[in-house]
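Asks: Sending over a structure as structure tokens; questions will come in a sec.
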Amino acid sequence: MFVRLRRFLKVAGVVSALSLLSTNTFASEPVVRVGVLKFGTVNWELKSMKHHGLDKANGFSLEIVPFAGGDATRIALMGGEVDIIVSDWLWVSRQRSEGRDFTFSPYSSSVGAIMVPGGSDLKNLGELRGKKIGVAGGPLDKSWLLLQGMAKQDFDMDLAGENEIVFGAPPLLAEKARDGELDAVLNYWHFCARLESVGFTRLVSAEDAANALGSTGPVSAIGYVFDEAWAENGLAAAFVNASNATKEIMGTSDEEWTRLSESGAIKDNPAALQVLRDRFREGIPARAFEDEVADAAVIYGLLSDLGGKKLVGNSQTMAEGTYWVGAQ
């Protein structure tokens, strides 16, 4: 009887110790849930972060929560199902103007471009008159609006009205471009990089358009978005630190890109992988915080004029606090 009692107490002590260890581990490594598109490029950074243990090194455990579309990630954030999503500062500003305290930390300034086939006679935006142009993202896509603004300013051209515009999903438009069904295509940066790897060239990028219209440098197209109140617990700062450390690896180590490819995180051939790597690195934010915020405000004003209330809502200026001050 006494032997059985000692064994019971011994096992109970082990269980108690394990329970305490589990509790302490959880307490020291709270979970940060990041909602992303299932096949989005942000997964590359997040998977690299986890592989190198940079989440745990910064005091949290990263959970990648996949979604089928951008709207689903935004709904999940508003519903408290995730802590962080990836979106743009335009959406954040609109939410803040409507009373929601979301805020934005820059992730990437990589933007789309109008691509033309190798050997095309088209040399500038003004030569697109009468052409068939594929446009990803729809009529209110930010890049498309900025390029229309540039076309009007520099060439007195109605880019949408003077051409045959084909809206469609990015992969479909990329395929149509490769098949020669389009004279030019405006697509997201990673589809542009893949087209570049098979001989397409950039006619003009959304960054070129923004600079022509008054921006002084690259502005992050997308960033990590979270609730300002949630950021007060220190996890936002920890996550951003981990993100920056991950970008340092991805920005300098070619071997990391090979590893991501071999692991299946990036499913592209070597030629496309190299261009994707280079374009990703070009988009790593490196500007002074105040300069980026100032240019984002300039671009916001341009988009307000070009897209109207359908794009920005009732606020004609970027809401204060759109950029998270902790990102400085």
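A short reminder: the numbers here are calculations on the coordinates, not readings from a lab. Keep in mind it's a predicted model, so treat the numbers as computed, not measured. Because the Cβ atoms are built from the backbone with ideal geometry, glycine has one as well, and the counts that use them run over all protein chains shown.
Asks: Taking the Cα centre of the chain as origin and charging only Cβ (+1 Lys, Arg; -1 Asp, Glu), how large is the dipole, in debye to the nearest 20? Show your work: numbers first, answer last.
Replies: Values: 32 positive and 42 negative charges, 326 e Å.
The dipole of the chain has a size of about 1560 debye.
Asks: I'd like to compare 81-92, 156-167: which one has the highest average count of other Cβ atoms within 10 Å, and what's the full order after that?
Replies: On the way: 81-92: 22.8, 156-167: 14.8.
Ranking the peptides 81-92, 156-167 by packing returns 81-92, 156-167.
Asks: Can you tell me which lysines have their Cα less than 26 Å from the Cα of Lys152? Leave out same-chain residues fewer than eight positions away.
Replies: Output for Lys152: Lys123, Lys131, Lys132, Lys142, Lys309, Lys310.
Asks: While we're looking at this one, here's another question. Determine the calculated [θ] at 222 nm for the chain from helices alone, applying -39500 (n - 2.57) to every DSSP H run no shorter than 4 residues and normalising by the residue count; nearest 500 deg cm²/dmol. All intermediate terms of the calculation are to be shown ahead of the outcome.
Replies: Working: 15 runs with 164 residues, N = 328.
Mean residue ellipticity at 222 nm (helix-derived): -15000 deg cm²/dmol.
Asks: List the lysines whose alpha-carbon lies under 21 Å from that of Lys247, not counting same-chain residues fewer than 8 positions away?
Replies: Lys247 reaches Lys38, Lys47, Lys50, Lys56, Lys267.
Asks: Separate question: For the range 113-212, what class follows from the C-alpha gyration tensor (a ≥ b ≥ c being the square roots of its eigenvalues): rounded when a/c is under 1.5, otherwise prolate if a/b is larger than b/c, else oblate? Before the final figure, lay out the partial values.
Replies: Details: a/c = 1.43, a/b = 1.36, b/c = 1.05.
Here the range 113-212 falls in the rounded category.
Asks: Can you give me the C-alpha center-to-center distance between the range 58-122 and the range 138-171, rounded to a whole angstrom?
Replies: After rounding, the separation between the Cα centres reads 22 Å.
Asks: How would you order 196-203, 208-215 from highest to lowest mean count of nearby Cβ atoms within 10 Å?
Replies: Details: 196-203: 16.9, 208-215: 20.5.
Packing proxy ranking, top to bottom: 208-215, 196-203.
Asks: Please list 127-135, 140-148 highest first by mean number of surrounding beta-carbon atoms within 10 Å per residue. Numbers along the way, then the final one.
Replies: Working: 127-135: 18.4, 140-148: 23.2.
Highest-to-lowest ranking by the protection proxy: 140-148, 127-135.
Asks: If we count other beta carbons within 10 Å of each Cβ, what is the order of Thr317, Thr246, fewest first?
Replies: Values: Thr317 12, Thr246 22.
Exposure proxy ranking, most exposed first: Thr317, Thr246.
Asks: Taking the structure as given and computing semi-axes √(5λ) of the Cα gyration tensor in Å, which label from (i) 43, 24, 16; (ii) 33, 26, 16; (iii) 30, 28, 18 fits?
Replies: Given (i) 43, 24, 16; (ii) 33, 26, 16; (iii) 30, 28, 18, the calculated one carries the label (i).
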